[in-house]
């Protein structure tokens, strides 16, 4: 999906992880991520160092709506924090893929936070993930 997407959308925390990981990773996949347009939704990030990154500090929902209306290709978002919650609640996510990593942890955060706007998702595909031992579940927005 990433290879055919027109831009990568993410919140600040995902940006902080990706911007240190991907520029140092060799290969065609990493090269594509490094070259593609990236939009970070943050009110605190000031000077992004990752190539082709734009920081959007204003209204997340309006900015994503505008990007969706002007982009010629699909947009892909990574992460599940406040940014992901906002665009899901606003009805801006057409497809949701959850990759399950079979690790048990003592604490964590829920995928969707309480108080969000309910959405109905239709199961579209279940199968193995990109790496051995992972599962990938894809839903389409109704």
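Of all residues in the range 74-110, those satisfying the criterion of being at pLDDT 85 or above and in contact with a helix residue (DSSP H, G or I) (Cβ under 8 Å, 6 or more places away or on another chain) are 74, 75, 76, 77, 78, 83, 86, 87, 90, 92, 93, 96.
For the range 85-106, a tally of residues being free of Cβ contacts under 8 Å to residues at least 24 places away in the same chain and surrounded by 17 or more Cβ atoms within 10 Å (Cβ to Cβ) returns 0.
For the range 35-60, taking the residues that are more than 20 Å from residue 22 (Cα to Cα) and at pLDDT 90 or above, the one that is surrounded by the most Cβ atoms within 10 Å (Cβ to Cβ) is identified as 60.
Restricting attention to the range 1-19, the residues that are free of Cβ contacts under 8 Å to residues at least 24 places away in the same chain and within 12 Å of residue 48 (Cβ to Cβ) total 1. Checking each residue in the range 113-142 for being loosely packed, with under 10 Cβ neighbours inside 10 Å, more than 15 Å from residue 86 (Cα to Cα) and at pLDDT below 90 picks out 120, 130, 131, 132, 142. When residues in the range 53-84 are screened for being free of Cβ contacts under 8 Å to residues at least 24 places away in the same chain and farther than 10 Å from residue 39 by Cβ, 7 of them pass.
Looking at the range 1-84, the helices (runs of 4 or more DSSP H) lying wholly inside it that each contain 1 or more residues that are under 22 Å from residue 137 (Cβ atoms) and touching a strand residue (DSSP E or B) at 6+ places or on another chain (Cβ under 7 Å) sit at 12-21.
The values are calculated or read from the model by the stated rules, or taken from the named source; none is laboratory data. Owing to the predicted nature of the structure, the values given are computational and were not obtained by experimental measurement. Neighbour counts are summed over all protein chains in view; Cβ atoms, including those assigned to glycine, are modelled from backbone coordinates with ideal geometry.
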